[in-house]
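What follows is one structure encoded as structure tokens, with my remarks underneath.
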Amino acid sequence: PAGMTRQVWLTFHPDDVKPGVYEGGVVVASAPGGVRFPLRMHLYPLDFPDQQSLHFGGWDYTHRPRYFDFITEESRPEFIAHLRAHLVDSPWATRTVMPRGTYDETGAMTSPPSTHLFDTWVDLWPGAAQYMVFADADHHFESLPKWTPEFNNAIKAWVTFWADHASSKGIAPEQFVLLLVDEPDEPYMDE
């Protein structure tokens, strides 16, 4: 709209481009005319390492084929390839990849959770630096109220199950990250 300030972001991802200075311009066209803004990119002869020590992720939730409107089952591989091309190496998933299984009244696991969604997600991101899961903890685990001995037993069984399963997939403990609470806004969330 006329009179409104706008930001324009340009992204350059120069793969297989020789180092040097590249010049061009950006033309902003409007009804009465246009303006050309010069653009210069100086590409240095440096190679970014294939594996970084600083990891990068951003709640992509690519474990679900329709989490965002633009991700579909068909576009998901292309979206993941785009993220990886921009050095995303720490994918995120919601707690749906780590179901809970079933427990008795003492908190003992009576049947293990399905690993299908977890395995499918990990297979989408082979060799990731970290696998990040938003666990979205609550005041109870299944029907067991928090901080009771039964709750503690169930949590221990659940975490042990998933730690062992991640290890069986070649994921080291330091690569497996659980975010229990995001943006706590109630006192119980701090607990």
Contact list please: Cβ distance under 8 Å, first residue in the range 56-72 and in contact (Cβ under 8 Å) with a residue 24 or more places away in the chain and closer than 21 Å to Glu183 by Cα, second residue open to solvent by 80 Å² or more (accessible area, probe 1.4 Å) and part of a loop (DSSP other than H, G, I, E, B), pairs at least six apart or on different chains. Tyr61/Tyr67
Does Gly107 count as in contact with a helix residue (DSSP H, G or I) (Cβ under 7 Å, 6 or more places away or on another chain) and open to solvent by less than 80 Å² (accessible area, probe 1.4 Å)? yes
Taking the condition of being touching a residue at least 40 places away in the same chain (Cβ under 8 Å), under 22 Å from Ile155 (Cβ atoms) and open to solvent by 30 Å² or more (accessible area, probe 1.4 Å), how many residues in the range 75-104 meet it? 4
Test for Pro49: is it on the phi < 0 side of the Ramachandran plot and surrounded by fewer than 10 Cβ atoms within 10 Å (Cβ to Cβ): yes
Say we look at the range 110-158 and pick out the residues that are at pLDDT 95 or above and of a type in the set (Asp, Glu); which of these is most open to solvent (accessible area, probe 1.4 Å)? Asp123
Would you be able to tell me the number of residues in the range 159-174 that are surrounded by 16 or more Cβ atoms within 10 Å (Cβ to Cβ) and among the polar types (S, T, N, Q)? 0
Of the residues Ala31, Ala85, which single one is more than 29 Å from Phe176 (Cβ to Cβ), at pLDDT below 90 and not charged (D, E, K, R)? Ala31
Those residues that are open to solvent by 100 Å² or more (accessible area, probe 1.4 Å), touching a strand residue (DSSP E or B) at 6+ places or on another chain (Cβ under 8 Å) and among the aliphatic types (A, V, I, L, M), I need them from the range 1-26; list them, please. Val8
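The values are calculated or read from the model by the stated rules, or taken from the named source; none is laboratory data. All figures in this text were calculated on a predicted structure; none of them were measured in a lab. So basically every Cβ, Gly included, is an ideal-geometry build from the backbone, and we count neighbours across all protein chains shown. Keep in mind that these areas ignore ligands, DNA and RNA; they rest on the heavy atoms of the full protein, side chains included. Shrake-Rupley method; radii C 1.70, N 1.55, O 1.52, S 1.80 Å.
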